[in-house]
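One structure below.
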Amino acid sequence: MGKTKTVQKKVQPYEIGELDQYLFGQGTHYEIYKKLGAHKVKVRGKEGVYFAVWAPNARRVAVVGDFNEWDFEANYMERHDPVGIYTCFVPGVKEGELYKYCIETEKGKRIFKADPFANYAELRPGTASRITDISHLDWTDSEWMTAREKWDCRVNPMSIYEVHLGSWMRHPGREDEGFYTYREFAKEIVKYVKEMGYTHVELMGMAEHPFDGSWGYQVTGYYAPTARYGTPEDFAYMINYLHRNKIGVILDWVPAHFPKDAHGLADFDGTPVFEYADPKKGEHPDWGTKIFDYAKPEVQNFLIANALFWIEHYHVDGLRVDAVASMLYLDYGKQDGQWVANKYGGNQNLEAIAFFRHLNSVVLGRNHGAMMIAEESTAWPKVTGAPEDDGLGFSLKWNMGWMHDFTEYMKLDPLFRKNAHYQMCFSMEYAYAENYILVLSHDEVVHLKCSMINKMPGVGFDKFANLKAGYAFMIGHPGKKLLFMGQEFAQLREWSEERELDWYLLAEEPHRQLQNFYRDLLHLYKKNKALYELDNDPDGFEWINKDDTFRSIFSFVRHSKDKKKNLLFVCNFTPVERPDYRVGVPRRKQYKLILNSDDARFGGSGEERPLIYKAVKQECDGRNYSFAYPLPGYGVAVFEF
């Protein structure tokens, strides 16, 4: 009896094959976005669009849109098991046409959903997906991308400008919101960032989202740059333009939760598909959102492929992962009875931990020089530790402890700062536990927390002098830097996504002087290796005096790796002038004054003082050598030696 040959159907490059389904079901189809979604193809000589959607518990699925007059009976899709992907080819579909999936649930109800893998969406308040082709984006940033492969965030300078694109700057007098397009924003932000001295721009909420007031943190289109500012091609142009000007781009990314909007991911096929089925695991009571089910390989795949999509397809340099703590703790934001313990009886989400290790290993393993940054607000150990050493594998972590101590100290009347002196020192006790970014983000200047300038005590000059001292301390402290837009020139009002920054304030001298000071700090930072190359090494930092509680003065040294060019910082946090201030120094050298907050261009007195100070053999601060310097109230002095 002869053997029967099994003839396998040849799978076209655009089609979902058995291997695609297997890898997706394992959570390892890292380019699944090239198969799921809507892709322009040619089938038997006819141009059209191949649609593919994952809806495992649907009874039937059809694609509806402009091309079939939204008729749910016109284009039913074929089901592929075992994972439950539906596909169909519709000839004649054109670029820009709107579409949704009409899903018939197990209970016979029809629901209409936007495409989870859509690359473009209708501008809100519309909720449909839009046909687009992003396979031929025009990139001319090869020099940047090649250099990025050898770049290491731990030993290079990073001063990040956190920006909300829609409210950074707007066109005045327009009937619409007056948003800058991606292309317009690119040109304006590059000029500003280069002048100021930032190395990176971090963009809030770029993935499609229905509600402006969520700032982009409640996402419905994970694979679509928001249509508020232009097309996917415009978005790529922006990144390309920033790279051509040697500016890195970080995006905020939200794998923690998603909104319940009817057209979004929630109950996608009439059942919990992307979220945990148990509401005690699958919902954030405080936020009114759904929590991704990290136990499902397909959901892990959706998110990991999405991270790769932004970094590989759109050349983004890093993702700042939002709300990491809410993913790690099963009881985050929940009361007793609202959460379910893990199998060991603890509150750690073991599935989210495994997800992070998988995510970071793949993203960073495939993209040397890219960054995964954790916004993690607790003392969870080894957030930036290697997965093989029980770490989560992130590149960097926001230092929320430093931020809290710093802002609480800075808000105090100088008279009471002596009682909270060690709040400013405490961060050095754990500075090397993780790879940190010091952050003063949008979260610190909203919801009645005041802008940075209005956190400062006093009035007029005192407020600005306080903030200058604080910013100098931040630049001198180990860790990368992040500042939210507007705080560099002392925006007075709290930030709102509904209006542009108060740029008119720069017509007033104090605001312009603070901007000058922060700009000079950033250029000082980029120019001096002592301020960044040993951020994660105790050899890079040395206290001179952290115990001067009565005078509220801090002095410390930042060392370069080769010890050839070191910087001494002296920061006075009271308005009391110290004309006889003496500081101990490590060596009998000459100390050159390279930054003086009392300079007239920064709003100081402008009093002339020597640039060179010679250390003499006179004990001070437990050191054999020292020199004297007239330290003004709220004065900051930086010396090079």
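The values are calculated or read from the model by the stated rules, or taken from the named source; none is laboratory data. Remember, it's a predicted structure, so these values are computed and weren't measured experimentally. Positions of Cβ are backbone-derived with ideal geometry, glycine not excepted, and every protein chain shown enters the neighbour counts.
What the table below lists for this structure:
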item: Failed criterion for Arg587 (all others in (1) within 26 Å of Ile437 (Cβ to Cβ); (2) at pLDDT below 95 hold); result: (1)
item: Members of region 114-135 found to be crowded, with 24+ Cβ neighbours inside 10 Å and not aliphatic (A, V, I, L, M), listed by number; result: Asp115, Pro116, Phe117, Asn119, Tyr120, Ser129, Arg130
item: Failed item in (1) under 20 Å from Ala128 (Cβ atoms); (2) in contact with a helix residue (DSSP H, G or I) (Cβ under 6 Å, 6 or more places away or on another chain), with Ala227 passing the rest; result: (2)
item: Region 621-641 residues that are part of a strand (DSSP E or B), paired with ones that are polar (S, T, N, Q) (beta carbon under 6 Å, 6 or more apart); result: Ser626/Gln618; Leu631/Asn572; Val636/Ser597; Ala637/Asn596
item: Single residue of region 588-608 satisfying the filter (part of a loop (DSSP other than H, G, I, E, B) and in contact with a strand residue (DSSP E or B) (Cβ under 7 Å, 6 or more places away or on another chain)) that is nearest to Ile475 (Cα to Cα); result: Ser597
item: Flag for Gly216 being in contact with a strand residue (DSSP E or B) (Cβ under 8 Å, 6 or more places away or on another chain), over 30 Å from Leu534 (Cα atoms), in the same structural domain as Val299 (by TED's automatic domain parsing) and not in a helix (DSSP H, G or I); result: yes
item: Residue in region 480-495 that is of a type outside the set (Asp, Glu), in contact with a Lys or Arg (Cβ under 8 Å, 6 or more places away or on another chain), part of a helix (DSSP H, G or I) and closer than 30 Å to Leu448 by Cα present; result: yes
item: Residue within region 81-90 that is buried (at least 22 other Cβ atoms within 10 Å of the Cβ) and touching a His at 6+ places or on another chain (Cβ under 9 Å) present; result: yes
item: Number of the condition not met by Ile553 [criteria: (1) in contact (Cβ under 8 Å) with a residue 12 or more places away in the chain; (2) surrounded by fewer than 18 Cβ atoms within 10 Å (Cβ to Cβ)]; result: (2)
item: Residue within region 361-375 that is touching a helix residue (DSSP H, G or I) at 6+ places or on another chain (Cβ under 8 Å) and under 30 Å from Lys455 (Cα atoms) present; result: yes
item: Filter result (surrounded by 21 or more Cβ atoms within 10 Å (Cβ to Cβ) and farther than 22 Å from Asp443 by Cα) within region 186-208; result: Ala186
item: Residue tally, condition modelled with pLDDT under 95 and among the hydrophobic types (A, V, I, L, M, F, W, C), over region 451-460; result: 1
item: In region 465-494, the residues that are crowded, with 23+ Cβ neighbours inside 10 Å and of a type in the set (Phe, Trp, Tyr); result: Tyr471, Phe484, Phe489
item: The lone exception for Gly365 - which of (1) free of Cβ contacts under 8 Å to residues at least 12 places away in the same chain; (2) buried (at least 20 other Cβ atoms within 10 Å of the Cβ) it fails; result: (2)
item: Those residues of region 416-433 which are over 19 Å from Asn454 (Cβ atoms) and assigned to a helix (DSSP H, G or I), in sequence order; result: Lys418, Asn419, Ala420, His421, Tyr422, Gln423, Phe426, Ser427, Met428, Glu429
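Here is a yes/no grid of residues against (1) hydroxyl-bearing (Ser, Thr, Tyr); (2) not assigned by TED's automatic domain parsing to the domain that holds Glu444:
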| site | (1), (2) |
| --- | --- |
| Leu467 | no, no |
| Gly470 | no, no |
| Phe473 | no, no |
| His477 | no, no |
| Ser496 | yes, no |
| Leu524 | no, no |
| Glu542 | no, yes |
| Asp548 | no, yes |
| Phe554 | no, yes |
